[in-house]
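Take a look at the structure set out below.
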Amino acid sequence: MNKLVSLFKPMSDAQLPLTDEQQIKKTFRKMRIKMFFAMYLGYVMYYFTRKNIAPVANVFKEQAGITIAQYGLMGTIAYGAYGVGKFISGMLADRCNLRFFMATGLFLSSVINLFFGFIHTFWIMAFFWGASNAAQSMGFPPVSRGLVTWFSSKERATKWTLWSSAHTVGTAGVAILAGALLLLVNAKFTLFGHQIVMADYISWRSVFYVPGILGILTSLYLMKALIDKPECCGLPAVDKYHNCEAPTIKTKDEQSYWDILKKYVLKNPYVWYLSIAYIFIYYIRFATLDWSTIFLSDVKHMDAGSLPFLYSIMPLIGMFGGIFGGWAADKFFNGRCSPINIGFLICLVFVVYGFYLFSGPQNIPVTAFFLGAVGFFVDGPQNLVGGVQVSRITVKESIGAACGFSGMFGYFGAMLSGSGAAFIIKHWGWQGLYASCAISAFISMLLVALVWNAEKAPEHRKKKA
């Protein structure tokens, strides 16, 4: 047990720091590329093992024998476990080795995926999917720490949102994989005069065990590739190396981590504003993402075989929205995120309702356009608000906890997108669901506006702290 616990202890700084400038430059470049790739690939696989139900929700619901209300409840339980776990993981990640922390979460979730498709009792199904999402909460907090320690403040919005495209690549990738697997399951062909029916060899459950195998392999890679911080490789701290002031205040007077947590997270009003905004942003994100295939199937009567591919448009286009938002924040606003977030949320109000009004089998290009537009305009705030923007209004020593705290609130919104969305659909129909998304975008915009001045300069936050 002691050996197991020791694996999670932070890595020690190198005993002999590098001194040659050329070697430092070369090593920094190499390690930053390696770290970014590992964190990116790892999080793509986190989504492969987490978002593999939504693109086949109509098939899963039928094969598992569950109702819309049960499907919504399972989502609520899963998102609740993920949200609470994200805050706990955030506090632990601040003080743990990010290498084994991130790898362990992916490994546990992947193992659950391997047998999940064979569960037939609803409450056992809900329990294990909740357990999988609790393990999934170990993915983002160590990455948020890694991005802060390996990339300087003047480039962080761009790099953070570029990395954040991992969740859209993962969501779209697993949707395409799920669609291909369903097509393969239904395939029939003749080989050497014998008819081959693929359903005799594989089933729809492959949408769980294929990502599970890929996730286990990736977790083993993460255990080798990730490094806590530049100092572990004999490199200087990244902000010192780039000679730029970090947008966080170095704590000197606190004696314990709990003091830091109270002062710069739990009693920080700006963290609360963004965290509450995150509830509504995540509600929009998952209400539009998780229910889109059921809406298009049950209401618009679209072909089930095409739905996973249409579903993949939202995260794929969303990836570019997140990257553009981060680039624009760095390029035009010196890393500040409020102006970009507010602009995106205004646009989101219109495209969400446009999808409800104009999507359908007779308007495939229009359906694809609005799915992509929703993804584009929701991913900007989703990537910036609970990550980059939160990191600018707290201290470096509590980045993981602050991001985990806002992430927990975000998944309260995701919980609402499960049972809450099912309740809205039952009482007010699908129009009520998409109207609630438009209203949520407006509320988020007002809350983000409260942080407009707080992220302008570190000196301002010193006065407020």
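Of all alpha-carbon pairs in the chain, indicate the percentage at a distance above 31 angstrom. Could the numbers behind the result be given before it?
On the way: 43521 of 107880 pairs.
Summing the P(r) tail past 31 Å for the chain gives 40 percent.
With no solvent and one point per C-alpha, what does the Debye sum give as log10 I(q)/I(0) for the stretch 377-449 at q = 0.13, 0.21, 0.23, 0.25 Å⁻¹?
Relative scattering, expressed as log10 I(q)/I(0), comes to -0.47, -0.96, -1.07, -1.16.
Given a 1.4 angstrom probe, I'd like the percentage of the accessible area of the stretch 267-346 that is carbon and sulfur, rounded to a whole number. Intermediate values should be presented prior to the final figure.
Working: 1870 of 2680 Å².
After summing per-atom areas, the C and S share lands at 70 percent.
Rolling a 1.4 angstrom probe over the protein heavy atoms, how many square angstrom per residue are accessible across the chain?
Working: 19060 Å² over 465 residues.
Here the per-residue accessible area is 41 Å².
How high is the relative contact order of the chain, given as a whole-number percent (alpha carbon pairs under 8 Å, six or more residues apart)?
Working: 852 pairs, mean separation 122.3, N = 465.
Averaging sequence separation for qualifying contacts and normalising by length gives 26 percent for the chain.
Considering only DSSP states other than H, G, I, E and B, which chymotrypsin sites (Phe, Trp or Tyr not before Pro) in the stretch 107-199 qualify as loop sites with at most 11 other Cβ atoms within 10 Å? Don't jump to the answer; show the numbers that get you there.
Details: sites: Phe107, Phe115, Phe116, Phe118, Phe122, Trp123, Phe127, Phe128, Trp129, Trp150, Phe151, Trp160, Trp163, Phe189, Phe192; in loops: Phe118, Phe151, Phe192.
Passing sites in the stretch 107-199 are Phe118, Phe192.
Which pairs break 23 Å Cα to Cα here: Lys86/Lys331; Lys61/Lys426; Lys154/Lys267?
Result: Lys86/Lys331; Lys154/Lys267 exceed 23 Å.
Extension gain Lys426-Arg29, at 0.36 nm per residue separation less the Cα-Cα distance, in nm? Spell out each step's value before the answer.
Working: separation 397, 0.36 × 397 = 142.92 nm, distance 5.39 nm.
Answer, rounded to one decimal: 137.5 nm.
Run lengths n ≥ 4 of DSSP H only: what is the helix-derived mean residue ellipticity at 222 nm for the chain, with -39500 (n - 2.57) per run over all residues, to the nearest 500? All intermediate terms of the calculation are to be shown ahead of the outcome.
Working: 19 runs with 321 residues, N = 465.
Helix contribution divided over all residues of the chain: -23000 deg cm²/dmol.
Using the Cα centre as the reference, give the magnitude of the dipole from point charges on the C-beta atoms of the chain (Lys, Arg: +1; Asp, Glu: -1; all else neutral), rounded to the nearest 20 debye. Write out the running numbers ahead of the final one.
Numbers: 40 positive and 22 negative charges, 205 e Å.
That gives the chain a dipole magnitude of about 980 debye.
Could you derive backbone 3J(HN,Hα) for the stretch 69-74 from the dihedral phi with the Karplus parameters 6.51, -1.76 and 1.60 (θ = phi - 60°), listing whole Hz in sequence and x where the residue is Gly or Pro?
4, 5, 4, x, 5, 4
On the protein heavy atoms, probe 1.4 angstrom, tell me the percent of accessible surface of the stretch 41-134 carried by carbon and sulfur. Display every interim value, and only then the final one.
Numbers: 2260 of 3130 Å².
In the stretch 41-134, the share of accessible area belonging to carbon and sulfur is 72 percent.
At 25 °C and a viscosity of 0.890 mPa s, what translational diffusion coefficient does Stokes-Einstein give for the stretch 334-465, taking Rh as the Kirkwood radius over Cα pairs? Give it in µm²/s as a whole number.
Here the translational diffusion coefficient equals 150 µm²/s.
Taking Cα atoms, how many degrees apart are the long axis of helix 399-415 and the longest axis of the chain, rounded to 10 and kept between 0 and 90?
20
Sort 398-409, 271-282, 217-228, 353-364 by packing, meaning the average of other beta carbons within 10 Å per residue, with the highest value first.
Working: 398-409: 28.0, 271-282: 26.0, 217-228: 18.2, 353-364: 15.2.
Taking the mean over residues of other Cβ atoms within 10 Å, the ranking is 398-409, 271-282, 217-228, 353-364.
Counting just the Cα atoms, what span does the stretch 416-458 cover along each of its three principal axes? Round to the nearest Å and put the largest first.
Sorted from largest, the Cα extents of the stretch 416-458 read 47, 16, 9 Å.
The values are calculated or read from the model by the stated rules, or taken from the named source; none is laboratory data. This structure is a prediction, so every number in the text was calculated from the model and none was measured. Here Cβ is always computed from backbone atoms with ideal geometry, including for glycine, and neighbour counts include all displayed protein chains. To get the accessible areas, we keep the full protein, side chains included, count just its heavy atoms, and leave off ligands, DNA and RNA. Shrake-Rupley method; radii C 1.70, N 1.55, O 1.52, S 1.80 Å.
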